1. Taking residue 150 as meeting all but one of (1) modelled with pLDDT of 95 or more; (2) of a type outside the set (Asp, Glu); (3) under 15 Å from the mean Cα position of the chain (by Cα), write down the number of the exception.
2. Just one of 142, 119, 130 is over 9 Å from residue 87 (Cα atoms) and under 12 Å from the mean Cα position of the chain (by Cα); which is it?
3. Report yes if residue 56 is among the β-branched types (Val, Ile, Thr) and either open to solvent by 20 Å² or more (accessible area, probe 1.4 Å) or within 18 Å of residue 122 (Cβ to Cβ) (or both), otherwise no.
4. For the list (1) modelled with pLDDT of 95 or more; (2) surrounded by fewer than 18 Cβ atoms within 10 Å (Cβ to Cβ), I need the number of the one condition that residue 17 fails.
5. Give me the residue from region 137-157 that is within 15 Å of residue 7 (Cα to Cα) and of a type in the set (Asp, Glu) and, out of that set, surrounded by the most Cβ atoms within 10 Å (Cβ to Cβ).
6. I'd like to check something: does region 5-17 contain any residue that is assigned to a loop (DSSP other than H, G, I, E, B) and touching a strand residue (DSSP E or B) at 6+ places or on another chain (Cβ under 8 Å)?
7. Condition (residue is closer than 21 Å to residue 166 by Cα and open to solvent by 60 Å² or more (accessible area, probe 1.4 Å)) applied to region 25-36: is it met by at least one residue?
8. Of the residues in region 46-62, how many are acidic (Asp, Glu) and free of Cβ contacts under 8 Å to residues at least 60 places away in the same chain?
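The values are calculated or read from the model by the stated rules, or taken from the named source; none is laboratory data. No experiment lies behind these values; they were computed from the predicted model shown. Using ideal geometry, Cβ is built from the backbone for each residue, glycine included, and neighbour counts are taken over all protein chains shown. Side chains included, ligands, DNA and RNA excluded: accessible areas come from the protein's heavy atoms. Shrake-Rupley method; radii C 1.70, N 1.55, O 1.52, S 1.80 Å.
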Amino acid sequence: MIKKSDVYVLSGLSTHGRDWSYRSLANRLHVPHPVVQRALARAQGADLYSPERREVHVPHFEEFALHALRFVAPAQLGALVPGVPAAWAAEPMAGAIHSSGEEPPPVWPYSKGRVRGQAIEPLHPAAPDAVEDWPELGEILALLDSLRAGDPRIRRVAEGLLMALLSEQAGERKS
């Protein structure tokens, strides 16, 4: 059974590049090394990760994200808290969705956060720290959070952006 933390690890792996080790991926994700090992073992069992190629199986990950993620890792907006912009308040969604400005933005709760908004639980508690130095990870997590918590219009936009991002990353790995 895939867990939220597995999706977090797969998101990191999809943006990490070719040369990686369990330890380097764990360090970039701000998680312990065994978290990466267990996540990739479960992802392999679900055919979301290919150990032979040492990469995310993009077509299956895309299908999972678009059709199953919001049921496996549902997210709801909560109380007003300081945090890091998430979902449709973070790029690339923020540039594609124009909000009225009346609703507080979704944020991952974070004590060092500079934005006050509605709390949304990240796929992993380490995400706010990890995205500070890794904007590509932040982009994929924003799209996944939009799929998890967004209304149908937001999910449609996130779907298109995620498909484009994953195919772009897959093309970079082949070259």
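1. Going through (1) modelled with pLDDT of 95 or more; (2) of a type outside the set (Asp, Glu); (3) under 15 Å from the mean Cα position of the chain (by Cα) one by one, residue 150 breaks only (1).
2. 130
3. Against the criterion (among the β-branched types (Val, Ile, Thr) and either open to solvent by 20 Å² or more (accessible area, probe 1.4 Å) or within 18 Å of residue 122 (Cβ to Cβ) (or both)), residue 56 does not qualify.
4. Here residue 17 meets the rest and fails (1).
5. Going through the qualifying residues, I end up with 145.
6. No: zero hits.
7. Checking region 25-36: at least one residue is closer than 21 Å to residue 166 by Cα and open to solvent by 60 Å² or more (accessible area, probe 1.4 Å).
8. Result for region 46-62: 2.
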